[in-house]
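Input: a single structure, listed below in structure tokens.
Readers should treat all values here as calculations from the given coordinates under stated rules, not as data from a laboratory. Predicted, not measured: the structure shown is a model, and the values here were computed from it. FYI the Cβ positions are ideal-geometry reconstructions off the backbone, even for glycines, and counts take in every protein chain you see.
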Amino acid sequence: MKQAVGRRSFAAALAGSLAWPLQAQAKDTALPVPASLPEAARLAASQGEPLVLLVSLPGCPYCELVRRNYLLPARRESGLQAWQLDITDIRTPLTGFDGRVTTAAAQTKAWKATFTPTVLFLGPQGQALAEPLVGAAIPDFYGAYLDERLALARTALFALR
């Protein structure tokens with residue numbers, strides 16, 4: 001019994017020590033947060049891109065992996081319009097596609113995007129251009145899944161013109 005408690009304590013301490021660098025790193029790798037979804041979507045569409053939204057949770061290591069390894073490099077290198085919404089943010093005003101002021105927490109709940117990470121691919125009116133990419137369970141294939149959804153979203157966006 002004592003050995004099991006010791007293992008749990010060690011595991012908890014190890015997890016805590018691993019989480020701290022992720023939390024510190026998350027500030028450096030945060031994507032911008034839109035103040036207005038319609039404005040962010042219009043900007044993306046004007047560049048021929050879908051609006052890409054990462055539904056994120058503070059301290060989520062998989063969210064950090066998606067941000068750091070996929071969305072931030074694509075934003076820097078190709079100008080992908082990738083933004084993030086924190087599902088726990090109940091304070092920061094966010095203009096929704098209906099023109100009403102809401103919050104990231106309320107908006108993600110309305111979209112039923114409550115699992116993190118979830119990547120949404122939206123058009124100028126907030127319409128889904130591709131199926132959401134939910135989770136990051138298989139990191140080896142994540143880039144391929146993301147590329148596939150981006151290609152579908154770009155094709156759907158082009159068809160709207």
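Between ARG91 and THR29, the contour length at 0.36 nm per residue exceeds the alpha carbon distance by 20.2 nm. Among PHE115, PHE158, sorting on how many other beta-carbon atoms sit within 10 Å of each Cβ, with the fewest leading, yields PHE158, PHE115. Backbone N atoms of the stretch 55-71 closer than 20 Å to the 7 Å Cα→Cβ label point of ALA137 belong to residues 55-57, 60-67.
Within the stretch 31-160, the proportion of Cα pairs with more than 20 Å between them is 38 percent.
Please order TYR142, TYR62, TYR70 by the number of other Cβ within 10 Å, starting at the fewest.
TYR62, TYR142, TYR70
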